[in-house]
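Please read the structure below before turning to the comments.
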Amino acid sequence: MPDWLFPAACCGFVSLLVLLPYFWLGTASGHDFEFHAASWFDVAYQWKQGIFYPRWTAWTNHGFGEPRFIFYPPLSWMLGGALTVLLPGPAVPVWYIALTQTFAGLSAYLLLKRLAARRAALLGALFYAANPNALLIIYIRSDFAEQLACAFFPLLLLSALLLCELLERTSPSTRTIAGFAVLYAAVWLCNAPAGVISSYAMAMLIAWTALSKRSWRILLRGGTALALGLGLAAFYLVPAAYEQRWVNINESLASGLLPWQNFLFTAIDDVEHTWFNWIASICALFLILILGVAALFSRRFVPAGIGREEQAQNPGAFSALLVLGTAATLLMLRWSLLLWKYLPKLRFVQFPWRWMSVVALVAACFLAALAERRRGWVAIAVILALSVPLSWFLATNTWWDEDEMPTLADAVTSTSGFEGTDEYDPVGDDHLDLPAHAPLSKVLPAGSQQGAAPPAQIDALKWTTEEKQIRVRSPQPARIALRLLNYPAWRVAVNGKAVTPERLEEVNQMVVPVPAGTSEIRVQFTRTVDRKLGVLASVLSVLLAVGLLRDGWRLRRKSGH
């Protein structure tokens, strides 16, 4: 039997225990549930149109769409879309959570067995599969993308420890660099805030190890691995970074979403916001206490020579982990305000308590070390038992809805669509002013003329998410308002000739002028230069990663391993 099979089964069982309330209360409809579930339905709808990698949404803003999939990383909405195709609606979030948390526990086991004995590693993995941060996401936040990113964190940390020569005496091979890059890219492709957190966390770990060992090679290796990981994810990162100027991206830092309003136990004028911040803070405090107690009693920092069974194992790795956990803790406190204001992109993490994802992983490492000691397993058993009242508390402070998924599915079949998001709304538009039931196209008077529109006939020849073809027969010049928002990636042609679309005064709805007679309008969502450059960078990075893997395998065969 494979070594990982039994731990995976145990983590799957724990995940099902966490999901028990779903079987009699319905679906936990947390803060971000509708955003993610609507994306899943939208992706599944576009797959049926033959669009494998969507960029524009079909049903947000009640059919006007938005460039959500350019800015939101793809792995979570592709996994959710696949489950939406395969399973009935209400089962999708249950399976998503079960699969993700099982993978999270298994990832943690693969890390922890390099730091502790197998039984202890399994106990630490079970804790990670049901840690307070995971419970907060599952019951209240419904941030499925961040949940998936956290499932990759243990494997990323394992690669980082190998890269920094903290687990093996032999020097890392080129395979280690490539493996780290793939996992680092995977985190970015799950969730952007998690990508920022992992960037700072891994850079901190590499820098600390390089300084403590006085090794420029570790610094060079780590920098290379980070750069390669960004290159692998460039097909997403380059367009997401460049096209921010085309949307209202700063709305992601509106009031209530600013880091200094979300430090632990911070209160603002919004009562509901403050209550949730206290809930998140309690979960973070729980993890901080677990980390501190486990680090203290794990005896991973005792001096060598005081007894073989008491001698520290992997002291360099645990020292680096403690530094990482301490830094993550400090970043959740108001003392770190200057860092949040001035470190590049850190403010886009929005919520400092998101750093508890790192604290949870480091705490799992020290708990595994603690479980190796005599009766150490009792500590993990107590902590897992305390997860029951915490789960109950979180479950009673969320909204349960049996009809959430069927309602969202009906929004697609009924063509009513979903609400849009502030930060992905194209510049010059306010999505709240868009009509909820707009026709695919509407005839307007030509130019600035007032009065009735000409009696034109409109036939929709093709109307898919990324391509619209319309034939217009009008006795006089007119303007055709499409159920579509202007965005620079759209290319518009009338009778084969490129034209620049206009807009309405109140919203950024696309308006296309047509001459008298018969005209054909064609609107296509094209691949912009930034997207081409991103794909090129990713292809080159994939080739480099494959080369590094091949070299690593070749050296391994020569060494006889």
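Values quoted throughout were computed directly from the atomic coordinates according to the rules given, and no laboratory measurement underlies them. Predicted, not measured: the structure shown is a model, and the values here were computed from it. Every residue, glycine among them, receives a Cβ derived from its backbone with ideal geometry; neighbour counts consider all protein chains shown.
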In debye to the nearest 20, the charge dipole size for the chain, taken about the Cα centre with +1 at each Lys and Arg Cβ and -1 at each Asp and Glu Cβ, equals 2960 debye
Within 13 Å, Cβ to Cβ, of Tyr236, how many net charges do the neighbouring residues add up to if Lys/Arg are +1 and Asp/Glu are -1?
+1
Given the rule -39500 (n - 2.57) for each run of at least 4 DSSP H residues, summed and divided by the residues of the chain, what is its mean residue ellipticity at 222 nm, to the nearest 500 deg cm²/dmol?
-17500 deg cm²/dmol
I want the local charge near Ala28. Using Cβ-Cβ distances under 10 Å, sum +1 for each Lys or Arg and -1 for each Asp or Glu among the other residues.
-1
Relative contact order for the chain using alpha-carbon pairs under 8 Å, separation at least 6, rounded to a whole percent?
20 percent
Inter-site label distance for Leu504 and Arg214 at 7 Å from Cα along Cβ, in nm
7.0 nm
Provide the per-residue ³J(HN,Hα) series for the stretch 16-33, in order, calculated from phi with Karplus coefficients 6.51, -1.76, 1.60 and θ = phi - 60°, each as a whole number of Hz, with x at glycine and proline positions.
5, 4, 4, 8, 3, x, 5, 7, 10, 9, x, 9, 6, 8, x, 3, 9, 4
Residues Met204, Met405 arranged by fewest to most Cβ contacts within 10 Å:
Met204, Met405
Which order do the peptides 286-293, 428-435, 491-498 take when ranked by the mean count of other beta-carbon atoms within 10 Å per residue, highest first?
286-293, 428-435, 491-498
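Can you give the FRET efficiency to the nearest 0.05 for Asp403 and Phe348, using r as the Cβ-Cβ distance and R₀ = 41 Å? Don't skip to the answer; put the middle values down first.
Details: r = 34 Å, r/R0 = 0.82.
Efficiency for this residue pair is about 0.75.
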Using just the Cα positions, wrap the chain in a convex hull and report its mean projected area in square nanometres, one decimal place.
28.8 nm²
So what is the relative contact order of the stretch 438-526, in percent, for Cα pairs below 8 Å that sit 6 or more residues apart?
33 percent
Among Tyr424, Pro455, Pro445, whose Cα lies farthest out toward the positive end of the dipole of the stretch 407-464, if unit charges sit on the beta carbon of Lys, Arg (+1) and Asp, Glu (-1)?
Pro455
Which of Ser298, Ser538 comes first, and how do the rest follow, when ranked by fewest Cβ neighbours within 10 Å?
Ser538, Ser298
Sorted by Cβ neighbour density within 10 Å, fewest at the top, the residues Met356, Met510, Met78, Met332:
Met78, Met510, Met332, Met356
1/(1 + (r/R0)^6) with r = Cβ-Cβ of His437 and Leu337, R0 = 30 Å, i.e. FRET efficiency to nearest 0.05, evaluates to 0.05
FRET efficiency for Arg373 and Arg471, using Cβ-Cβ distance with R0 set to 56 Å, rounded to 0.05:
0.15
The stretch 366-462, dipole about Cα centre (Lys/Arg Cβ +1, Asp/Glu Cβ -1), debye to the nearest 20
700 debye
